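The values are calculated or read from the model by the stated rules, or taken from the named source; none is laboratory data. Since the structure is predicted, the reported quantities are computational estimates derived from the model, not experimental observations. When we count neighbours, we look across all protein chains shown, and the Cβ atoms used for this are built from the backbone with ideal geometry, even at glycine.
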Amino acid sequence: MIDFTPLVEALITLAVTAITVFLIPWLRERYGTEKLAKAQGWVQVAVLAAEKLYGAGKGDEKLAYVENFLEEHNIILDTDALMAMVNAEIKKMEKGLVTMEADLLLNTVPDEKAPPDAGESAAGGGMDE
């Protein structure tokens, strides 16, 4: 039987590379570097928070959570840009490329199942609004 794993990994790498090479520069041009960096940071936090809250599977629920989270933080992206950024974050998580900073930021997102003070982090707020 033929093993397609290397082919799938190559396609994933190609997709992430295409996002990095083409989509990110286009978004920088369209939204500005500062706004893009802010949006990427919030997308990363939203994706990690959705994964923490919902666990494996439940992709539609997690995507809805990410969309609502970003809307609450006044981050407005078109559907294609949002999906590309979310997929890039998922690939980073799968490859273990999530930064410690994102983990610290995630710890500042209250767990909806926990009591109100349980989401507090010793690191403070993390991001200033």
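Tabulated data for the structure shown
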item: Of all residues making up region 65-121, the number that are of a type in the set (Ser, Thr, Tyr) and modelled with pLDDT of 85 or more; result: 1
item: So Leu27, is it under 18 Å from Leu77 (Cβ atoms), surrounded by 15 or more Cβ atoms within 10 Å (Cβ to Cβ) and not charged (D, E, K, R); result: yes
item: Given (1) modelled with pLDDT under 90; (2) assigned to a helix (DSSP H, G or I), number of the condition Leu11 does not satisfy; result: (1)
item: Verdict on Glu129 being among the acidic types (Asp, Glu), at pLDDT 65 or above and closer than 15 Å to Trp42 by Cβ; result: no
item: Verdict on Leu23 being of a type in the set (A, V, I, L, M), part of a helix (DSSP H, G or I), within 18 Å of Asn87 (Cβ to Cβ) and at pLDDT 90 or above; result: no
item: Answer residue from region 33-74, given it is polar (S, T, N, Q) and under 11 Å from Glu89 (Cβ atoms) and is surrounded by the fewest Cβ atoms within 10 Å (Cβ to Cβ) among those; result: Gln40
